[in-house]
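This report refers to the structure that appears directly beneath it.
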Amino acid sequence: MNLSNLKPAKGSIKTSKRIGRGQGSGRGGTSTRGHKGAGSRSGHSTKIGFEGGQMPLQRRVPKVGFKPINRVEYVGVNLDVIQALAEKFNLIVIDFAALQQHGLASKNDLVKLLGRGELKAKLEIKVHAFSATAQKAVEAVGGSIEKI
């Protein structure tokens, strides 16, 4: 075997339609575009989403919801997740960098501490926001919570 006798697999190469090359080719005359109408003219294109006059999908489906421009979205982290993180890695201070390092938040996220679960360890937690129940739970164990 050498480079001179390499060729593509059988059936993988198809010849393109040669359109508009005379009546004898079978694709001359109208060149597979049919007779008259916009589709036979050069430069014709249909609008995106046009379905031949049928009501298009984006108009059939109702508009739903609203997101205000100035919304602030937080990534929620619950107390049980914080407790598991503290036990697994022997952490006393849990801040944004620690959450980022262990895959609970990415660099542009805002983190909010939520109150699901139980906290047993005395921790110093630094996050962007926290719920009232989370704050009570952290302070009940003797820990502190700080807003970044």
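Throughout, read-outs are computed from the coordinates displayed, never taken from laboratory work. Because the structure is a prediction, the values reported are computed rather than measured. Ideal geometry is used to build each Cβ from the backbone, glycine not excepted, and the neighbour counts take in all protein chains shown.
The table that follows gives values for the structure above.
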| read-out | value |
| --- | --- |
| Label-point separation, I148 to V93 (7 Å along Cα→Cβ), nm | 1.4 nm |
| Charge dipole (debye, nearest 20) of the chain; +1 at Cβ of Lys and Arg, -1 at Cβ of Asp and Glu | 1940 debye |
| CD proxy at 222 nm, helix term only [per DSSP H run n ≥ 4: -39500 (n - 2.57); per residue of the chain; nearest 500] | -5500 deg cm²/dmol |
| Lysine pair count for segment 43-148 [Cα-Cα under 19 Å; pairs on different chains or 8 or more apart] | 15 |
| Ordering of 79-92, 112-125, 14-27 by burial proxy (mean other Cβ atoms within 10 Å per residue, highest first) | 112-125, 79-92, 14-27 |
| Förster-model FRET efficiency, 22 Å R0, D109 and K67, C-beta, rounded to 0.05 | 0.80 |
| For segment 69-128, convex hull volume per residue from C-alpha positions, Å³ | 76 Å³ |
| Cα radius of gyration and Dmax for the chain (Å) | 32.5, 92 |
| Nearest-ten-degree value, helix 79-89 long axis tilted from longest Cα axis of the chain | 80 degrees |
| Under the Karplus curve 6.51 cos²θ - 1.76 cosθ + 1.60, θ = phi - 60°, whole-Hz ³J(HN,Hα) for segment 9-14, x wherever Gly or Pro sits | 4, 5, x, 7, 9, 10 |
| Simple label model, 7 Å out from Cα along Cβ direction - K7 to R21, nm | 2.0 nm |
